[in-house]
Structures are given as structure tokens and as C-alpha cells.
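Here's the structure, in C-alpha cells; my notes come after.
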Amino acid sequence: MLTIIILSTLAAVSGLEHQVRCAEIGFSRSAQERDLAAFESFLDEDARFTGAAVLRGRTAVVDGWRPFFEPGGPTIEWAPDSIEVLATGDLALSQGPYRTRVVDENGEETLGTGRFFSVWRRTAEGSWRIVFDGGTPGAASDKDPFEELGYDRETVCR
């Protein structure tokens, strides 16, 4: 009986990990497609994004990230390589690599990579919203940080 309970719990957590992975990939896709409304839809009302300054609340996060959604602005993409979901199924941590691209006024492209983390909270309706997000400062790099993910970002959630 205990074995059935353990296997059932592991299967439920695995399903929740997949949900969080797909939410994170969708969140990244919203930034890649410069879809600010979609980006905002992943944010908890009380979200906190850490960095050079802490952005507190959905409105502050959207305002702080607005340059990534402007034509000609910098780009950012990310994908989780690790996901942990609490046994309660209501909080999750995802983390992995990110890559930025900035093109200066001379058309020179600078690539940067780093690591991000996101803390997700499951809503009463079962969707996931980001409550905390942050990461390491980006470092110049031409390396593809997504080569070693172990899955295809384009097809894993279809």
C-alpha cells in the first residue's frame, strides 16, 4: 500500500514539474515574441523580480522589463534545466540558463549568458504564476547555453 502511495505522489509531482516547465517555456516565449500581455499573464500580482533593483508588483515588473518588448530593444530567452515542486504541489522552483542579445547603435551584437531562477505559485484554478524571479549577471559568451538541456524547447510542451 505504501508503495502505491509513493508512486502516486511521484507521478503527481512529475506532472506538476511538466506543468511548471511548460509555464516557464511559455513565459520565455512571451519575451522572445515581444508579447507584453502574455508576459504579464505569467506574473503574480505581488511578484518580485530581483536584480540591480527589486521590482515589486506586477506593474513594476512590466515597466522594468518593457525595453525587452520594444522594437529594436534587447532580447532575452531562457529555459529551465531543473525544476523542483513541493510535495504540497503549490510552490515550485525552476532554474536554468538564459541568453541576452543587445545590438548597439553601430549594429554590433553582444551576447550574454547567465542563470535564472523563478519561484512559481499554483493558483486555486491550477495555473502557475511567478512570485520571485532573479538570476546571475550576464557574462559575454558566444556559447549556446541551451545545448545541454536534454529536451527540445520547441516541442516538449506540445
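No value in this document is a laboratory result; all are computed from the given coordinates. Note that the coordinates shown come from a computational prediction; the quantities given were computed from them, not determined experimentally. Here the Cβ is made from the backbone with ideal geometry for all residues, glycine too, and neighbour counts use every protein chain on show.
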### Query
Among residues other than GLY64 whose Cβ falls under 14 Å from its Cβ, what is the net charge (Lys/Arg +1, Asp/Glu -1)?
0
### Message
Residue by residue through segment 84-93, what is 3J(HN,Hα) from phi via Karplus (6.51 cos²θ - 1.76 cosθ + 1.60, θ = phi - 60°)? Round to whole Hz and write x for glycine and proline.
### Response
10, 10, 4, 4, 5, x, 10, 9, 9, 10
### Query
How would you rank PHE116, PHE42, going from fewest to most other Cβ atoms within 10 Å of each one's own Cβ?
PHE116, PHE42
### Summary
Of all DSSP beta bridges having both residues in the chain, the percent classed as antiparallel (nearest 5) is 90
### Query
Helix 2-32: angle to the longest alpha-carbon principal axis of the chain, degrees 0 to 90, nearest 10?
20
### Task
Quick one: net charge around TYR151, please, counting Lys, Arg +1 and Asp, Glu -1 for every other residue with C-beta under 13 Å from its C-beta.
-4
### Message
Counting other beta carbons within 10 Å of each residue's own, what order do VAL131, VAL61 fall into, fewest first?
### Response
VAL131, VAL61
#### Entry: Three principal axis lengths of segment 2-140 [C-alpha, angstrom, descending]
64, 28, 25
### Query
Which residues' amide hydrogens lie under 5 Å from the amide hydrogen of TYR98, considering only partners 5 or more residues apart or on another chain, with H built in the peptide plane?
GLY114, ARG115, PHE116
### Summary
Residues meeting the amide H criterion for ARG153 (H placed from the backbone, H to H distance under 5 Å, 5 or more places apart or on another chain) are none
### Message
What are the extents of the Cα atoms of segment 39-90 along their three principal axes, in Å, largest first?
### Response
42, 24, 23
#### Entry: Where GluC sites (Glu not before Pro) in DSSP loops with at most 13 other Cβ within 10 Å are excluded, longest remaining stretch of the chain
34-104
### Query
Hey, what number do you get for the chain at 222 nm if only DSSP H runs of n ≥ 4 count, each worth -39500 (n - 2.57), divided across all residues, to the nearest 500?
-9500 deg cm²/dmol
